[in-house]
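Okay, so here's the structure we're looking at.
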Amino acid sequence: MTGELVAQQVMADQSGLIAVESFRVMHVILDNLALFCYILSTLFHWLFMASRKRMLLLWALGAACVGFVVHTGYLSVEVSRAGSLFISEVHGATAFFSWTVMLVYLVAEALTRIRVLGSFLVPIALLALLMGLALPPDAALLVPPLTSFWLTTHIVLAFLGNAAFALTFCGGLMYLIQDRYLKAKQPGGFAARLPSLEILDRLNFWALAFGVPLLTQGLVTGAIWARYARGSFWIWERTTWPLIVMWGVYMLLFIGRWYLGWRGRRAAVAVMAGFCAVSLGYLLHALG
Amino acid sequence: MHIIVAGLSHKAAPVELRERLHFPAAQLEEPLEKLAQYTEGGERVILSTCNRVELYGHIQHLAHGGTRLQQFLSDYHGIPVELFKPYVYIHHGEEALRHLFRVVSSLDSLVVGEAQIMAQVKEAFAIARRANATGSVLNQAFERAFAVAKRVRTETRIGEHAVSISYAAVELAKKIFQDLAAKTVLVIGAGEMSELTARHLISHGVSQLLVANRTLDRAVDLASRLQGQGVPLADLPTYLHKADIVVSSTGAADLVISKADVQSALKLRKNRPIFFIDIAVPRDIDPTVNALDNVYLYDIDDLQHVVEENLKTRQREAALGEAIIAREVEDLLAWFDQQQVVPAVIHLRRKAETIRNQELGKLFAKLGQLPAHERAAIEAMASSIINKLLHAPIVRLKQESQSKGGTRYMQALRDLFSLDE
């Protein structure tokens, strides 16, 4: 009797192990496939910039779309494995950030048709994925398991907000390059591949205008979660003050844009600095 | 049969000569008709633009072909051959095709990559075709030339980048502003150059135009021509901030726009960018404003420099165009060769058939009445000899026509069997 029970237990454990193992294999494959697609897409985007052959752009876009679909599949596998959208591992966080960057890129590409956008944003998504691989796989974040609705919402919104800021970073970079070439009276060459200053400035503004509310909501949902989980909306500690600082930075940029006519080169520098500051803030917040 | 071209162009021939040899496009039918006598009725096209006069022909005998085309130019225009002979170039066969492809692709143009030449050649060809002066060979050559030119234009950047100062200014404006339609242009000084630039900007969508001049009358005059608004130059600080693009070309000895003017305008504009185009000498706008954020200043030298860079780019792209043309010429020659194989084979068979019939006729006349089956056997044997004898050369010819050496074989066949007689 006991022997039977033990045997059953072993079998159950084994099938569980097999399930875990197959999940692991699947997610390694999907993970690497997404990585591969993003590498291809980055290369094709850069080749397209160099040669401006339309065919290369189509390949770059195709690779980005396939990569995004695979990436989505990978995250779905993650969710069904871990039972929640997010896992408290660095790898999961970077993979999710990479996914939001790709989402923002594909939406922005479809809306603005700025063809060189991918040359800047896809590498960022790729870099995020690679960073996750480079860090030790079990480096845990101080984020507790995402069983709470509020915490999940908090993190999704905050990540989308930061992806929008990644877009402003790229827009700002392109703006600075174009500005520099125009000021130096060399409108040919690399600058010829970049869109006009006006549309880059507009891109920066809209990305900021989307990013700020997302970040704000991320902050609010985080506070609500904190109220439930920890009894208080806000606790001043090491992991929370970077959040307030970066939110302040972006509010300042947004208000400067909206009311004070901060635009052009200085605005481009500001959003780029803002993105760097915020990325650092996230790391401080998440790694504690 | 040979394709030949004789002509003169901007590269060597002086404009006075090109003028005298010019054929007006409106009356091309008549010279085309007359040219027929010089090409023995062969296909012909006359291309005459302000930069070149060229006669394309498809003629039976190459010898004296070029001389005859020059004679036509001389006879038609009443100018002695000696006068223009030193400037004339004559190409035939492969070189003639290459020349045609280069001309249509704008590689042979005064401004490499200019877009007009394609339309001009198309028109010249259409006139010749309507006048029934062309046939299968020149039709094929010209149609192919148009396709090649299109390829060169899309696969290289030969037609990109402005090569005139006013157009370069428009391209720069488009690097700064996405949509020129909602932009305001301020033209300072009612000169010819500023008017030209303003017209370019208007044709690219600019709708709001201010014209400022020291004498208001002239400003109003130019403004009304360009459907803009005339404003007095003295009031510049009150409207400078409205302008997104400023084109300045006054004859003033001093600066017309100072750094302080621009700074206060920027403040009023909430830092929206301003593009200054200073085409005046001496300059109208303080050169240091280029250092201000969101201000872009190009003077006449800067624009000239941009144009030169663009020309260099076009030259580099032209080299890519040459490579495309080299391949296309080869393809077309191979195609022509293949086209000639079928008629040559038919010709050969027909000739053999004729000999067979003649000889059989003679034989049957000599032998008198023969039983039908013997007659049939003799006829069959004659056919069999012809077929076996011709089989190998025909197969070989068809094989060779796929490769570059095809022409040699074809010529040899025609010579050996005297097919052209």
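Below 8 Å between Cα atoms, with a sequence gap of 6+, how large is the relative contact order for region B:165-308 in percent?
It rounds to 23 percent for region B:165-308.
Equivalent ellipsoid semi-axes for the protein assembly as shown, as square roots of 5 times the alpha carbon gyration tensor eigenvalues: give them largest first, rounded to whole Å. Before the final figure, lay out the partial values.
On the way: eigenvalues 947, 457, 46 Å².
Working from the Cα gyration tensor, I get semi-axes of 69, 48, 15 Å.
Charges at C-beta only: +1 for Lys and Arg, -1 for Asp and Glu. How large is the resulting dipole of the protein assembly as shown about its Cα centre, in Debye rounded to 20? All intermediate terms of the calculation are to be shown ahead of the outcome.
On the way: 68 positive and 63 negative charges, 90 e Å.
Charge dipole of the protein assembly as shown: 420 debye, to the nearest 20.
What percent does the relative contact order of region A:149-288 come to when contacts are Cα pairs within less than 8 Å and at least six residues apart? Present the calculation step by step, with values, prior to reporting the outcome.
Values: 158 pairs, mean separation 52.1, N = 140.
Averaging sequence separation for qualifying contacts and normalising by length gives 37 percent for region A:149-288.
About its Cα centre, what dipole magnitude does chain B give when the only charges are +1 on Lys and Arg Cβ and -1 on Asp and Glu Cβ, stated in debye to the nearest 20? Walk me through the numbers on the way to the answer.
Numbers: 49 positive and 51 negative charges, 287 e Å.
That gives a dipole near 1380 debye.
Hey, in the GNM for chain B with a 10 angstrom Cα cutoff, which one of B:373, B:91, B:64 fluctuates hardest?
Result for chain B, Cα springs under 10 Å: B:373 fluctuates most.
Within a 10 angstrom radius of the beta carbon, how do A:94, B:134 rank from fewest other beta carbons to most?
A:94, B:134
For labels at residue B:358 and residue B:215 in the simple 7 Å Cα→Cβ model, what's the distance in nm?
Label at residue B:358, label at residue B:215, 9.2 nm between them.
As an exercise, identify the trypsin sites (Lys or Arg not before Pro) in region A:157-255 lying in DSSP coil whose Cβ has no more than 12 other Cβ atoms within 10 Å. It would help to have the intermediate numbers written out before the result.
Values: sites: A:180, A:183, A:185, A:193, A:202, A:227, A:230, A:238; in loops: A:185, A:238.
Sites meeting the loop and neighbour criteria: A:238.
Hey, which lysines would be in cross-link range of residue B:312, C-alpha to C-alpha under 19 Å, not counting anything within fewer than 8 residues on its own chain?
Residue B:312 reaches A:185, B:11.
To make sure I understand the rule: partners must be lysines, Cα under 28 Å from the Cα of residue B:388, and not fewer than 8 residues away in the same chain. Which ones qualify?
The reachable lysines, counting only those whose Cα sits under 28 Å from residue B:388, are B:351, B:362, B:366, B:398, B:404.
What is the sum of charges, Lys and Arg at +1 and Asp and Glu at -1, for the other residues whose Cβ falls under 15 Å from the Cβ of residue B:21? Each step should come with its number before you reach the end.
Working: positive: B:11, B:18, B:20, B:34, B:52, B:85; negative: B:16, B:19, B:54, B:75, B:82.
Once all neighbours under 15 Å are counted, the net charge is +1.
How high is the relative contact order of chain B, in percent, counting Cα pairs under 8 Å that sit 6 or more residues apart?
Details: 609 pairs, mean separation 51.4, N = 421.
Computed over chain B, the figure is 12 percent.
Which residue, B:359, B:192, B:30, tops the fluctuation ranking in a GNM of chain B built on C-alpha contacts under 10 Å?
B:359
Pop the C-beta distance of residue A:202 and residue B:27 into the FRET formula with R0 = 60 Å and round what comes out to the nearest 0.05.
Calculated value: 0.65.
Using the Kirkwood radius over C-alpha pairs as Rh, can you work out the diffusion coefficient of region B:165-308 via Stokes-Einstein at 10 °C, viscosity 1.306 mPa s, in µm² per second?
Numbers: Rh = 14.7 Å.
D = 108 µm²/s.
With a 10 Å cut-off between alpha carbons and a GNM built on chain B, which of B:294, B:51, B:139 moves the most?
Evaluated over chain B, the most mobile residue of the options is B:294.
Tally the DSSP beta bridges in the protein assembly as shown and give the antiparallel ones as a percent, rounded to 5. Walk me through the numbers on the way to the answer.
Numbers: 18 of 41 bridges.
Bridges in the protein assembly as shown that DSSP calls antiparallel: roughly 45 percent.
Suppose each label sits 7 Å from its Cα in the direction of the beta carbon; what would the residue A:228-residue B:71 distance come out to in nanometres?
10.2 nm
Residue B:230's amide H: which non-local residues (gap 5+, or another chain) put their own amide H closer than 5 Å, with H modeled 1.01 Å from N in plane and none for Pro or chain starts?
Long-range HN contacts for residue B:230: B:211.
For A:156, B:256, B:104, which order do you get if you count the other beta carbons within 10 Å of each Cβ and list the fewest first? Don't skip to the end; give the middle numbers.
On the way: A:156 19, B:256 22, B:104 26.
Taking fewest neighbouring Cβ atoms as first place, the list is A:156, B:256, B:104.
Regarding region B:2-155, what's the average projected area of the Cα-atom convex hull, expressed in nm²? The partial results should precede the final answer.
Values: hull surface 32.6 nm².
Averaged projected hull area, Cα only: 8.1 nm².
Which angle between 0 and 90 degrees, to the nearest 10, do you get for helix B:116-130 versus the longest principal axis of chain B when only C-alpha atoms count?
Rounded to the nearest ten degrees, it is 40.
What is the gain in length, in nm to one decimal, between residue B:140 and residue B:372 on full extension, counting 0.36 nm per residue of separation less the C-alpha to C-alpha distance?
Working: separation 232, 0.36 × 232 = 83.52 nm, distance 5.06 nm.
Gain in length upon complete extension: 78.5 nm.
Over all directions, the average projected area of the alpha-carbon convex hull for region B:336-416 comes to how many nm²?
Numbers: hull surface 23.1 nm².
Averaged projected hull area, Cα only: 5.8 nm².
Tally Lys and Arg at +1 and Asp and Glu at -1 over the other residues with C-beta under 9 Å from the C-beta of residue B:294: what net charge comes out? All intermediate terms of the calculation are to be shown ahead of the outcome.
Details: positive: A:263, A:265, A:266, B:269, B:272; negative: A:179, B:293.
It works out to a net charge of +3.
Can you sort B:324, B:385, A:124, B:158 from fewest to most other Cβ atoms within 10 Å of each residue's own Cβ? Don't jump to the answer; show the numbers that get you there.
Values: B:324 18, B:385 12, A:124 23, B:158 27.
The fewest-first ordering by Cβ neighbours comes to B:385, B:324, A:124, B:158.
Hey, what does the equivalent ellipsoid look like for region B:305-354, semi-axes from the Cα gyration tensor as sqrt of 5 times each eigenvalue, largest first, whole Å? Kindly include the intermediate steps, with their values, before the conclusion.
Working: eigenvalues 466, 8, 3 Å².
One finds semi-axes of 48, 6, 4 Å for region B:305-354.
Cα atoms only, chain B: Rg and Dmax in Å?
Spelled out, the Cα radius of gyration and Dmax of chain B are 33.1, 119 Å.
For region B:14-52, which GluC sites (Glu not before Pro) pass both filters: DSSP loop (anything but H, G, I, E, B) and at most 15 other C-beta atoms within 10 Å?
Values: sites: B:16, B:19, B:29, B:33, B:40, B:43; in loops: B:40, B:43.
In loop regions of region B:14-52 (DSSP not H, G, I, E or B), the sparsely surrounded GluC sites (Glu not before Pro) are B:40.
Once phi is turned into θ = phi - 60°, what whole-Hz ³J(HN,Hα) does the Karplus curve with 6.51, -1.76 and 1.60 give for every residue of region B:158-167, x standing for Gly and Pro?
5, x, 8, 6, 5, 10, 10, 4, 5, 6
What value does region B:242-350 have for Rg/Rh, both radii from Cα atoms and Rh as Kirkwood defines it?
Values: Rg = 28.6 Å, Rh = 18.6 Å.
Ratio value, two decimals: 1.53.
Taking only the alpha-carbon positions of region A:148-288 and ignoring solvent, what does the Debye formula give for the base-10 log of I(q)/I(0) at q = 0.11, 0.18, 0.19 Å⁻¹?
Normalising to I(0) and taking log10 leaves -0.45, -0.94, -1.02.
Give the cross-link partners of residue B:122 among the aspartates and glutamates, using a straight C-alpha distance below 12 Å as the criterion and excluding same-chain residues fewer than 8 apart.
B:143
Using 0.36 nm times the number of residues separating residue B:89 and residue B:259, minus their current alpha carbon distance, what extension gain do you get? Spell out each step's value before the answer.
Values: separation 170, 0.36 × 170 = 61.20 nm, distance 5.71 nm.
Using 0.36 nm per residue and subtracting the Cα-Cα distance, I get 55.5 nm.
Label 7 Å along Cα→Cβ of residue B:10; region B:176-201 residues with amide nitrogen under 13 Å?
The answer is none.
By how many degrees, 0 to 90 and rounded to 10, does the Cα axis of helix B:192-203 deviate from the longest principal axis of chain B?
On a 0 to 90 degree scale, this one is about 70.
Here, each number is a calculation from the coordinates, and none is a lab measurement. This one's a predicted model, so the numbers in the text were calculated from it and none came from an experiment. With ideal geometry, Cβ positions are generated from the backbone for all residues, glycine too; neighbour counts draw on all protein chains shown.
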